[in-house]
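The values are calculated or read from the model by the stated rules, or taken from the named source; none is laboratory data. Predicted model only: the values in this text are computed from it and were never measured. Cβ: placed from backbone, ideal geometry, glycine included. Neighbour counts: every protein chain shown.
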Amino acid sequence: MLLFFLSATLASAQFYGDPPDDHHPWAVHDNNRPQPPKVTPGKVPGAPPSDAIVLFDGTEASFKANWEHEKKNRKTEWQVIDGAVQCAKGAGTIRSKAQFADCQLHVEWSAPAKVQGSSQGRGNSGVFLMGTTEIQVLDNYNNPTYPDGFAGSVYGVMPPAANPLHAPGKWQSYDIIFRRPIVKDGVVLDEGSFTVLINGVVVQDSTPLEGGGGHRGRSKPRAFPEKGPLKIQDHGNPVRFRNIWYRPLRKRPVEGGTDGKLSVEATTAKRAEIAADLRKDAATKKGKERLLRLLESLCYEVDEEAVSVAEEEGQAFVAGVKAKPEGRKGDVIQVNNAVKYLVKHGRMPSDHEAIGQLKALIKENGWDK
Ligand code: MG
């Protein structure tokens, strides 16, 4: 029974949940919506999944291929030692050759086991998203400092919600989800955010960027470029890094993404696109399948031509069933349900003649019992 129910709902899923509206181009539970792309996860937590872009895999070759001194024409003197890259004092900040923006970033770091210095002077480095906004790297295992400069802080903006650091010398993992600010014509549409996990513990949770922070100055919301490099800071301490990778994130509606709550204009455009695809697909089908596909397209966009083709197909369908009703009960109920759905959601007038015809067919053949 459950199996039958599932297959029945899948076949007519487009007439199942609430239809598209002014801000959502897809119906609720819409099977026309693209399936999420397959990603093979890493073998162990922290390992790069199949779609990750690896910026450092522990080898000298990977470091050379992906990183450079932040200043043009300067050679970096960071050292690859035992599968990690280590900051050398005075060597300067490094940056990735890759430029990117919104991302999931994974990076592991280790502060020197030999504890030296205090506050901001102990195991200080930092990862700068788009080269400009810092998630602090600092040995705060047993080392108080100003909280908005703690390990895992959005530096100068927001302290981490907790301090889950291991002892210095051990490896710490950062998982960072970064959204850049979106500013259009001087209007801040989204000020951007950071979500950060240290060693699997959430320390930033959609923290607004407020301009991205900085040293001593209070930053204000501002436009960011489209892309930028990842930078890792030379703060004079021999901090080591390993296993650095990122995955770009899907676009938000404010920057043209088609998942989530969209503007009326973007929704209308996407609905027209989906409807056009369905009508193209309908043209490759015949009979009931063609009719259902056309009716389905009306959920997204009521288009005069599509309505008239659907009406022709509908008339042919009714005539076909009338001529030979044997074995057509399921088909008629399916089409009738689709029509009822379209009427319920205002895609078809409730006094449309097809409604009476289908009703009569069902009654004549005793399919209502
Ligand atoms: Mg720093």
- Task: Run Gly92 past the list (1) out of contact with any Lys or Arg (no Cβ under 9 Å at 6 or more places or on another chain); (2) touching a residue at least 40 places away in the same chain (Cβ under 8 Å) and report the number of the one that doesn't hold.
- Result: (1)
- Is at least one residue of segment 102-124 in contact with a His (Cβ under 6 Å, 6 or more places away or on another chain) and away from the ligand (no atom under 16 Å from the Cβ)? no
- Only residues that are on the phi > 0 side of the Ramachandran plot and crowded, with 18+ Cβ neighbours inside 10 Å: list them for segment 228-253, please. Asn243
- Message: Exactly one condition in (1) surrounded by 14 or more Cβ atoms within 10 Å (Cβ to Cβ); (2) at pLDDT below 95 is false for Gly256; which is it?
- Response: (1)
- What number goes with the only condition from (1) in a helix (DSSP H, G or I); (2) at pLDDT below 95 that Ser350 does not pass? (1)
- Within segment 201-216, can you find the residues that are acidic (Asp, Glu) and assigned to a strand (DSSP E or B)? Asp205
- Flagged pairs (Cβ under 7 angstrom, 6 or more apart or on separate chains; first in segment 136-154, in the same structural domain as Pro164 (by TED's automatic domain parsing) and farther than 17 Å from Gln204 by Cβ; second among the hydrophobic types (A, V, I, L, M, F, W, C) and more than 12 Å from the ligand (Cβ to nearest atom)) are Tyr141/Leu165; Tyr141/Ala167
- Residue within segment 330-346 that is assigned to a loop (DSSP other than H, G, I, E, B), aliphatic (A, V, I, L, M), under 35 Å from the mean Cα position of the chain (by Cα) and within 19 Å of Ala283 (Cα to Cα) present: no
- Message: Regarding segment 277-288, can at least one residue be identified that is within 16 Å of the ligand (Cβ to nearest atom), among the β-branched types (Val, Ile, Thr) and either free of Cβ contacts under 8 Å to residues at least 40 places away in the same chain or crowded, with 20+ Cβ neighbours inside 10 Å (or both)?
- Response: no
- Scanning segment 163-192 for residues that are of a type in the set (Asp, Glu) and not in a loop (DSSP other than H, G, I, E, B), which turns out nearest to Trp245 (Cα to Cα)? Asp175
- The lone exception for Asn140 - which of (1) within 12 Å of the ligand (Cβ to nearest atom); (2) closer than 19 Å to Thr93 by Cα it fails: (2)
- Item | Meets criteria (within 13 Å of the ligand (Cβ to nearest atom), assigned by TED's automatic domain parsing to the domain that holds Trp171, among the polar types (S, T, N, Q) and under 29 Å from the mean Cα position of the chain (by Cα)) for Thr133 | yes
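In the list Tyr174, Tyr155, Tyr146, which residue meets the criterion of being within 14 Å of the ligand (Cβ to nearest atom) and surrounded by fewer than 15 Cβ atoms within 10 Å (Cβ to Cβ)?
Working: Tyr174 fails: surrounded by fewer than 15 Cβ atoms within 10 Å (Cβ to Cβ); Tyr155 fails: surrounded by fewer than 15 Cβ atoms within 10 Å (Cβ to Cβ).
So the residue among Tyr174, Tyr155, Tyr146 that is within 14 Å of the ligand (Cβ to nearest atom) and surrounded by fewer than 15 Cβ atoms within 10 Å (Cβ to Cβ) is Tyr146.
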- Query: Within the bounds of segment 51-66, is there any residue that is in contact (Cβ under 8 Å) with a residue 40 or more places away in the chain, more than 18 Å from Trp109 (Cβ to Cβ) and not small (Gly, Ala, Ser)?
  - Reply: yes
